[in-house]
Amino acid sequence: MVDAKTVTDLKYYWSKIQAGTFDQDTVKNILLAGRELAPPKSIVRDLGDLVAHTTRNRGYSHRHINSFSTKIHRNKDATKLVIDFAMPLDAHRFPLYLGKIFQEALGLTCDEIVSVLNSHDNDTDIIVCIFSLMHYVELQFPDKRSYTLKMTGSTSNPSCLSIVAFGDLRKSAIAISLIDFQEYLGSGLSGNLEDLRDIRALRDSSGKLMLMEV
């Protein structure tokens, strides 16, 4: 049973998605509310847990990364290890996962949700917001391994944005699939995104969602 306050809050958040005026704070609040509505082991619940905690030692994403089959390669100077993950998570499904929260709490139909997600740039904007929320979340494992999730991409040659899990000795692997991000670069953002810790997905003065360093 969804309490009245949660329903009121989600109606407000849904109106912002309909209008295309949401940012990462809106998406965070939606995911936090969704933690109480989603099944314990679902990706919706896990995304909520990821944005609620900067360190995670359980959950869907944690299990997904831990269960990847790995192939370890060394570069010529033998200093860098690269782990190739078998199957990255599909970021393009994130907006639909978010939509399930509104379907459950507000009784919206799938057609209503898909129609809103496909308007403006809502679907891609949601992915960028979730990526920004996942930036620098740490995943810890019992054998003392740890990975830090980071957005990656170069602002000097923008093409695709992904979430990569970085471990010891710069071991890395693409954990979340790629999206085009050239249109999301805010003014003053420069360098490699994985080296920029304080990035947020916010609306600029024209109302466009941008990745900005704060």
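The values are calculated or read from the model by the stated rules, or taken from the named source; none is laboratory data. These numbers come from a predicted model, not from an experiment. Because the Cβ atoms are built from the backbone with ideal geometry, glycine has one as well, and the counts that use them run over all protein chains shown.
Scan segment 7-19 and report the pairs whose first residue is closer than 18 Å to D125 by Cα and whose second residue is part of a helix (DSSP H, G or I) and polar (S, T, N, Q), with Cβ atoms within less than 7 Å and a gap of 6+ or a chain change.
As it stands, the answer is Y13/T26; Y13/N29; K16/T26; I17/N122, since those pairs meet every condition given.
Within segment 111-123, take every residue that is in a loop (DSSP other than H, G, I, E, B) and surrounded by 14 or more Cβ atoms within 10 Å (Cβ to Cβ) and give me the one that is nearest to the chain's Cα centre (by Cα).
Residue satisfying both the conditions and the ranking: D121.
Criterion first (modelled with pLDDT of 80 or more and either under 14 Å from the mean Cα position of the chain (by Cα) or surrounded by 17 or more Cβ atoms within 10 Å (Cβ to Cβ) (or both)) does L211 satisfy it?
yes
In the list T70, T8, T21, which residue meets the criterion of being at pLDDT 85 or above, farther than 19 Å from C129 by Cα and hydroxyl-bearing (S, T, Y)?
None of the others qualify; the one that does is T8.
Name the pairs whose Cβ atoms lie under 9 Å apart, with the first residue in segment 113-129 and closer than 23 Å to V51 by Cα, the second aromatic (F, W, Y) and modelled with pLDDT of 90 or more, and 6 or more positions between them or separate chains?
I113/F102; N122/F22; T124/Y184; D125/F22; D125/Y184; I126/F22; V128/Y184; C129/F22
Step by step: first the residues of segment 108-148, then only those that are touching a strand residue (DSSP E or B) at 6+ places or on another chain (Cβ under 7 Å) and among the aromatic types (F, W, Y), then the one that is modelled with the lowest pLDDT. Which residue is that?
Start the filter on segment 108-148 by keeping residues that are touching a strand residue (DSSP E or B) at 6+ places or on another chain (Cβ under 7 Å), which leaves 124-125, 127-129, 131-132, 134-140, 146-148.
When the remaining residues are screened for being among the aromatic types (F, W, Y), the result is 131, 136, 147.
Numbers: F131: 89, Y136: 88, Y147: 79.
For segment 108-148, the residue satisfying everything is Y147.
Could you check segment 124-158 and list, in sequence order, the residues that are assigned to a helix (DSSP H, G or I) and in contact with a helix residue (DSSP H, G or I) (Cβ under 7 Å, 6 or more places away or on another chain)?
Residues satisfying the conditions are I126, I127, V128, C129, I130, S132, L133, M134.
Just checking, how many residues over segment 1-53 are outside any helix (DSSP H, G or I) and under 16 Å from E104 (Cα atoms)?
At the first step, the residues of segment 1-53 found to be outside any helix (DSSP H, G or I) are 1-3, 20-23, 35-42, 53.
Now restrict to residues that are under 16 Å from E104 (Cα atoms): 1-3, 35-40, 42.
Number of matching residues: 10.
Only one of A86, A78, A105 is modelled with pLDDT of 75 or more and either touching a Leu at 6+ places or on another chain (Cβ under 6 Å) or not in a helix (DSSP H, G or I) (or both). Can you tell me which?
A105
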